[in-house]
Amino acid sequence: MTGLAVDDAAWVSAWRLRSPADKLLLSVGLVLCALLLPVWPGSLLVGLTAVVLALGPARVPARTFGRAVRVPLAFIALGALTTVVQVGSGGFGWAPDAAARAGGLVGHAVAGSAAVLLLATTTPMSDLLPALARLRVPAAVIEVASVTYRMLFVLLTSLSTIREAQTARMGHSGVRASYRSSGMLAAAVLTRSWDRARRLQDGLAGRGMEAGLRVLPEALPSSRRFVAGTVAGLAALAAVSVVA
Amino acid sequence: MSHLPLAAESLVAGYERGARVLDGATLTVPAGRRLALLGANGSGKTTLLRCLSGALEPTRGRVTLDGAELRHTRAGLRAHRQEVQLVLQDPDDQLFSASVAQDVSFGPMNLGLTEDEVRARVAEALDLLAVTHLAGRPTHQLSYGERKRVAIAGAVAMRPCVLLLDEPTAGLDPTAVGEALAALHRLQQADSTVVMSTHDVDLALRWADEVAVVVDGGVVQGAPDVVLGDDALLARARLDRPWALTVGARLQTLGLLPDGALPRDADALVAALPDRPGVRT
Amino acid sequence: MSHLPLAAESLVAGYERGARVLDGATLTVPAGRRLALLGANGSGKTTLLRCLSGALEPTRGRVTLDGAELRHTRAGLRAHRQEVQLVLQDPDDQLFSASVAQDVSFGPMNLGLTEDEVRARVAEALDLLAVTHLAGRPTHQLSYGERKRVAIAGAVAMRPCVLLLDEPTAGLDPTAVGEALAALHRLQQADSTVVMSTHDVDLALRWADEVAVVVDGGVVQGAPDVVLGDDALLARARLDRPWALTVGARLQTLGLLPDGALPRDADALVAALPDRPGVRT
Amino acid sequence: MHIAEGFLPAPHALGWTLVAAPFVVHGARCVVKEVREHPESTLLLGAAGAFTFVLSAIKLPSVTGSSSHPTGTGLGAVLFRPPVMALLGTIVLLFQALLLAHGGLTTLGANAFSMAVVGPWVGYGAYRLVKRCGGGLLPAVFGAMALSDLATYVTTALQLALAFPDAESGFLGAAAKFLGVFAVTQVPLAIGEGLLGVLLFRVLTVN
């Protein structure tokens, strides 16, 4: 009911136990390739690589991946269309290189999105956030983000349940009623989040919380083969794109 | 309000960890009688109740009220919700207004009634649940048992003919359970059919006219002492056998209890025992 | 871990609706035995548990562990929490991490143990609660019963000598209750004294070596069949009499059960009944 | 409205990251200081971040029939001040990118600048201004939420216009295009978000 499909996929992915740093290297590498290499054949290769790796070795359900890739499509399509419509003294018209420019934009964006999704569908946030410490993100910030991650599921459950209860009592049967109900819903969830934080503080004090939320990070060792494969693959991808 | 029969036919709904939650569940809510819906946590009780209330659209199968099929359209749901109300387990998910009276008025206000009508509905609902004295109190100051009853009042103010309650007694102490059951009794007298989900088999035996066990995606429905005496079914459903049936059956074979239906609680059992062993009076 | 006696003497604590919640509560947690803390909702069970764990400082009275008084200083609390752990009723009040294993590691990390020691503690706690298979699952995908057990594991990983559990079986179905009780049994074997609060009198009778009823700000403590057979006390405490005592007492007067302690559950009662009425074998 | 991954050319993506960075780093410093002084505020800030994420999952019906999601950063700015919101907003954007596929990593800087920096500051400014001018709490909240939403959308449109100037009419023409295209959904949403804020505060203040 409140599960986020991408998150669900990350927890059961075949790459779940791979080092988050390894996966970060691969995804960010692919994202940069998508951005920097010429769209043909660079973006196409990046997109294909991301999809093949996700659906193949990482065993992400195709349905989840496909649906998630569709999310930014509306923005990409509308944005690309807007850039190639030309406004001038003579009103609206197509830019001279409209098809190529739009195709280029869509190519970069879709390939980039697929590359980010490869990371998102294979790495739970609770693995990724501790890895940010290596990028010199302060521990306090990582802890705040970790609590955010845990608590957003608690609040999403409240949100959908309260909304369902409101709907049952006709709270969303018209625009007016719906606004009123949404205001109450937001207020209820805000109150709930406060209350949760206060009670959690009580609960954690009993477990000896003094400074910070230190936990033992899961040991997810880096794989030399994976890193070597990543570097070689990205280099090959870049070489092919530049030569072609 | 009047009693209307509500039914679910061959429902397929919900999907969790690679399996259907409900897979061919058929249930008839007998108009005007008390139905207890039993099942372990995660068995699909709540999914079934959500289908019956219209909150969840089943993948296959249908829900009917008085023979007419529930359509998941705006108008269809609107009509259904006026007749069938579901109260969820956690009262905090139902109470979102500042004060008790305001919260109970939420449904009637959305029905577009006049202020006087809304006021009358609220007063009536608070009275049925015996929480009139709480009307002006902020919801967050109430005890858990009080919040549960106010949440039910919010649904009752819609004047549904069928009231579905998900675990209305969970987390309540014995006295609060007694108060909740008394309120349900008044609701039934006021012509609402009451369905309660629970995993307390002793309570179900004591309270229900009929029970339905949700097990393996389906529903087994029948008389309480028959269904709750079926050990194979109970094992499949991860439920216990009510103590009264275990002890009662043994006392019956000893000739200490009369043949026929067994007593359903401790008081009835003690009353049914003879004054002297071996001699039935 | 070893069993240490924990006690509360003449506690005054909490203030609600113009009255003290606890007003002279005295309780002794017998080392190594199972204590059930009974009371209606709002009676002060949770307040008492919070005082015992050090989470709440009483206005008057004192808490002692092995005879030494608990001081509400940083060092005093630190020492106390290593020996006494409280598990709250709502698991979401204690689980802050999305990863089960990471959450359980929180307490041991705060004790300043080495990584290897922490890892061993986590593995041991998960094993005692029979949730090792959940280690890799995210907290937000667990069922309520699973979250409850993980929350207990988080406390167990501190290796306390006394484990206080607020309503550990509330909201669980019979099978989950059975699993929770089995886990508590393993904890006791591993040298933790276990205190459980509940308002299920039947469960308390079945499980506890000793019961304590929180009533009118005070505590009445004693053997389960004595305390839970005291109708005047139960009425004041808004609790029911366990069915096994009601039925058992009647069967005893009929000469169908032997004198002495009454059976505590249905199976024991059936086993204690004679093969033929009136004739004890 | 989040700029999708790969949509901005590399120099722009890098540029906006550098522009947003000081604000986010400053926010992080505030948070670190806060947490050092009050360790328990980790939980409150985490809850605030989660609330902001969840608020953007509330579907607001619009009169035109379509429905959209509020950004919620104006409310956060009023409740937690803009510097903290710069960090919390960026965390929420990262979560949206990785949990919902909204936005992206190379566009995180650009999105953070519009949504976690400009939006909160404009919203907070509007809030202070309305209050100083004697407006009540509810008008101030309406102003904060509606204007922060509006400012976020205008900033995003300008970022896109900078990246993709019109071949004939240049930056200004492109700005007009992007503002126009996204106005259809964003202007009603800004008003809706302001209304939501008013309704929310009305419930809270009655409590």
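The values are calculated or read from the model by the stated rules, or taken from the named source; none is laboratory data. Keep in mind that this is a model prediction, so the values were computed, not measured. Glycine also receives a Cβ, built like all others from the backbone with ideal geometry; neighbour counts cover every protein chain displayed. For the accessible areas, the whole protein counts, side chains as well, though only heavy atoms, and no ligand, DNA or RNA atoms are used. Shrake-Rupley method; radii C 1.70, N 1.55, O 1.52, S 1.80 Å.
Per-residue surface analysis assigns residue A:11 an accessible area of about 20 Å², computed on protein heavy atoms at 1.4 Å probe radius.
For trypsin sites (Lys or Arg not before Pro), no site in region B:158-266 is both called loop by DSSP and has at most 11 other Cβ atoms within 10 Å. Assuming charge only on the beta carbon of Lys and Arg (+1) and of Asp and Glu (-1), the dipole of region B:6-241 about its Cα centre is about 460 debye to the nearest 20.
Once C-alpha pairs closer than 8 Å and six or more residues apart are averaged by separation and normalised to the residue number of chain D, the relative contact order reads 24 percent. The convex hull of the Cα atoms of chain B, projected and averaged over all directions, covers 16.3 nm². When the distances between all Cα atoms of region D:10-206 are binned every 10 Å from zero, what whole-number percent does each bin get? Using 10 Å bins, I get a P(r) of 10, 33, 37, 16, 3, 0 for region D:10-206.
A compact globular protein would have a Cα radius of gyration near 2.2 N^0.38 Å; the ratio found for region A:136-205 is 1.41. Buried surface for the B/C pair, taken as the accessible area of each chain alone minus that of the pair with a 1.4 Å probe, is close to 2900 Å² in total.
Taking all protein chains as they are arranged and a probe of 1.4 Å, the heavy atoms of residue B:45 leave approximately 10 Å² accessible to solvent. For the protein assembly as shown, the Cβ-based charge dipole about the Cα centre amounts to some 2260 debye (Lys, Arg positive; Asp, Glu negative; other atoms uncharged). Distant-in-sequence amide contacts of residue B:87, defined by a placed amide H-H separation under 5 Å and a gap of 5 or more residues or a different chain, comprise B:164, B:165, B:166. Ordering D:123, D:153, D:111 by the projection of their Cα atoms onto the charge dipole of region D:1-156, which places +1 on the Cβ of Lys and Arg and -1 on the Cβ of Asp and Glu, puts D:123 at the extreme positive end. Calculated FRET efficiency, residue D:172 to residue B:113, Cβ-Cβ distance, R0 = 56 Å: about 0.55 to the nearest 0.05.
Inter-copy label distances at residue C:222, shortest first and taken from points set 7 Å along Cα to Cβ: 4.4 nm. In chain A, Cα pairs under 8 Å separated by at least six residues give a relative contact order of 34 percent.
At what distance in nm do the modelled label points of residue C:60 and residue C:252 sit from each other, each positioned 7 Å from its Cα along Cα→Cβ? With each label placed 7 Å out from Cα toward Cβ, I get 3.8 nm. When a/c reaches 1.5 or more, the comparison of a/b and b/c decides; with that in mind, is region D:132-192 rounded, prolate or oblate per its Cα gyration tensor? Here region D:132-192 falls in the prolate category. Think of the protein assembly as shown as having a plus end and a minus end, set by charges on the Cβ of Lys, Arg, Asp and Glu; of A:9, C:126, A:81, A:81 sits farthest toward the positive end of this dipole.
When the Cα positions of C:22, C:42, C:189 are compared along the charge dipole of chain C, C:22 comes out farthest toward the positive end, with charges on each C-beta of Lys, Arg, Asp and Glu.
Put simply, the Cα atoms of region C:93-169 extend 31, 27, 21 Å along their principal axes, the longest span coming first. A label point on residue B:5, set 7 Å along the Cα-to-Cβ line, lies at 6.7 nm from each of its counterparts in the other copies, closest listed first. Ranked from largest to smallest solvent-accessible area, with a 1.4 Å probe on the protein heavy atoms, A:160, A:193 come out as A:160, A:193. Given their separation in residues at 0.36 nm each and the Cα-Cα distance between them, residue C:182 and residue C:78 gain 34.5 nm when the chain is fully extended. The convex hull around the C-alpha trace of region C:124-262, projected and averaged over every direction, spans 10.1 square nanometres.
A Förster distance of 25 Å, applied to the separation of the beta-carbon atoms of residue B:69 and residue B:223, puts the FRET efficiency at 0.35. Shown for region D:172-200: residues covered by the partner protein chains by 10 Å² or more of accessible area relative to the chain by itself (probe radius 1.4 Å), namely D:177, D:178, D:181, D:182, D:192, D:195, D:196, D:199, D:200. With kT/(6 pi eta Rh) evaluated at 20 °C and eta = 1.002 mPa s, and Rh the Kirkwood radius from Cα pairs, the protein assembly as shown diffuses with a coefficient of 69 µm²/s according to Stokes-Einstein. How much solvent-accessible surface does residue B:73 expose, in Å² to the nearest 10, with a 1.4 Å probe and all protein chains in place? Rounded to the nearest 10, that gives 70 Å². Normalised per residue, the accessible area of region C:156-271 is 33 Å², obtained with a 1.4 Å probe and no contribution from ligands, DNA or RNA. Here residue C:117 yields copy-to-copy label distances, from shortest upward, of 7.1 nm, the label point defined as 7 Å from Cα along Cα to C-beta.
Across every pair of non-identical alpha carbons in region B:242-281, the mean reciprocal distance, once inverted, gives a Kirkwood radius of 10.0 Å.
Modelled spin labels at residue A:198 and residue A:17, positioned 7 Å past Cα toward Cβ, are 4.4 nm from each other.
Translational diffusion coefficient of region C:1-121 (Stokes-Einstein, Kirkwood radius from Cα pairs, 20 °C, 1.002 mPa s): 134 µm²/s. Diagonalising the gyration tensor over the Cα atoms of chain A and scaling each eigenvalue by 5 before taking the square root yields semi-axes of 37, 30, 16 Å, largest first.
Taking a point 7 Å from the Cα of residue D:79 along the Cα-to-Cβ direction, the residues of region D:29-48 with backbone N closer than 20 Å to it are D:30-32, D:34-35, D:38-48. Remark: region B:267-273, residue by residue, has Karplus-estimated 3J(HN,Hα) of 5, 5, 5, 4, 5, 7, 5 Hz, where x stands for each Gly or Pro and the curve is 6.51 cos²θ - 1.76 cosθ + 1.60 at θ = phi - 60°.
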